[in-house]
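The values are calculated or read from the model by the stated rules, or taken from the named source; none is laboratory data. Keep in mind that what you see is a predicted model, and the values were worked out from it rather than measured. Neighbour counts are summed over all protein chains in view; Cβ atoms, including those assigned to glycine, are modelled from backbone coordinates with ideal geometry. In case anyone asks, the SASA skips ligands and DNA or RNA and just uses the protein heavy atoms, side chains included. Shrake-Rupley method; radii C 1.70, N 1.55, O 1.52, S 1.80 Å.
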Amino acid sequence: MTLNLGMIDSDDPLKKAAYLLEEATCSQEQGKFRDAETLIAEAKQLAAADVQACAEIDLFRAMSLLKESRQKEGLQSLSAMLIEYADWFKNPDGRGVYELVQLQRAFSLMHLEKNEEARPVLEEVVSFQLESRVQSNVHCHLGRCYHELSLYRLAKEQFERANVLGVKEDWQPVFHYYFGYTLYELRDFQRAKREFILCLQSGPSGPEESMRYAMLATTSHKLGEHSEARSYDEKAKSLKR
C-alpha cells in the first residue's frame, strides 16, 4: 500500500508521519511488533488534523495486524473504519481507501471461515475496478465462498472467471481442488477429474494430498474407471497412515 501522507518540508507533520510508518515497517520486518505499534500510534497523532492521512494510517495498522496473523484484531480494525470514516468514504477522495478496506475485510472473513458474512462483501468487491491479478484473487475467494455455501453454479462461474484472468501460483492448489469439487457436485465428472489432476500437479500447499487422491478415486468411480479408482483410493489410504 502506498500512503499519500504528504512530502512538503521537514517541519510538515504529514511528512514526519510518513517517516514513522517507514520506521514501523522496518520494525515489523525485524519482528519488533510492539515498537511498530508505538510508531504507528505516533504517526496517527501527527496526522490527526487530516482525515485522509488518518484513514490511511488506520488501514496501515489493520493490514499490519493481518500480516502478523492477528486476523480477528485486523478484521475488527477494518470494520471499525467503516463506522469512523463513514461520511468521508462517501466522498470521491475516500473511495480508494474504502475499496481497500472492503477488499481486506472480504479476504479476512474468508480466512476466518465466516462465509455468510463474507458473501455480500465479496459480491461488492468483485464489482470494483481492480488490476487483473487482484481481480482473479477476488473471483477465487468468491468461488470458494459460494462453494462452502453449496451454491455450486455460482461458484463455477467465479472459478471460470478466475481461470480466464489467470490464477496466482500460490492459489492454484486450492483453486483446482475447489473448482474440481464444484464440478463434481454439478456432476461434470470428466472436468472435475481434470481439475483434481491439476491440483496434484500444482504444488504441496492447499488441501492434503490424501484428500486430492480421495476425490480422484471418487470421481473415477463415477466415470466407471474402477481400476483407476482403486489405484487412487489405495494411494489416498497410504498417505493417511
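Points to keep in mind about this one:
- Inter-residue pairs, beta-carbon under 8 Å, first farther than 18 Å from Ala55 by Cβ and in the range 67-80, second not hydroxyl-bearing (Ser, Thr, Tyr) and not in a helix (DSSP H, G or I), 6+ apart: Gln71/Leu112; Lys72/Leu112
- Selection count where residues are among the small types (Gly, Ala, Ser) and not in a helix (DSSP H, G or I), scope the range 184-241: 5
- Pair list, Cβ < 6 Å and 6+ apart or interchain, from the range 150-169 residues that are over 17 Å from Asn115 (Cα atoms) to residues that are surrounded by fewer than 17 Cβ atoms within 10 Å (Cβ to Cβ) and not small (Gly, Ala, Ser): none
- Candidates Asn163, Asn137: the one that is surrounded by 17 or more Cβ atoms within 10 Å (Cβ to Cβ), part of a helix (DSSP H, G or I) and either under 15 Å from the mean Cα position of the chain (by Cα) or of a type in the set (A, V, I, L, M) (or both) is Asn137.
- Per-region count, the range 47-63, residues modelled with pLDDT under 85 and crowded, with 16+ Cβ neighbours inside 10 Å: 1
- Condition met for Glu29 (charged (D, E, K, R), touching a residue at least 24 places away in the same chain (Cβ under 8 Å) and open to solvent by 10 Å² or more (accessible area, probe 1.4 Å)): no
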